[in-house]
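First up is the structure itself, then whatever we jot down about it.
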Amino acid sequence: MRAFCEHDAFQCGYCTPGQIMSAVALLEEGHAESDAEIAEWMSGNLCRCAAYPNIRAAVRDVRDQAGGLIAARLSATTPQPAGSAPTRQPSSTRSCACAASAACA
Ligand code: FES
């Protein structure tokens, strides 16, 4: 939340809770190597205020300050089989199960 405030990563704040939840998840799963990767993994959250550049800046800031600590914390608290990759997929590769799935495709 601090990074979102410091980078002015919201205007109306309507999307902010979801953006933060996704940002935490992608950071914990190690998907913040580049702006393109951050954008892809955040793509399931729409921001009608178009704060995307600042949201990505906030994610980069947390990534750079936390270093590998976030991924290390996740692996320490979530037992995973050796060699397994996170099972979450970018939203562009997930199928939509909502009632408006045709609109989501
Ligand atoms: S800050 Fe307004 S919708 Fe994202």
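Observations, loosely collected:
- Subtracting the Cα-Cα distance of MET1 and ASP61 from 0.36 nm times their residue separation leaves 20.5 nm of extension gain.
- Long-range tail of P(r) for region 1-70 (Cα pairs > 15 Å, %): 44 percent
A short reminder: the numbers here are calculations on the coordinates, not readings from a lab. Please read all numbers here as calculations on a predicted model, not as lab measurements.
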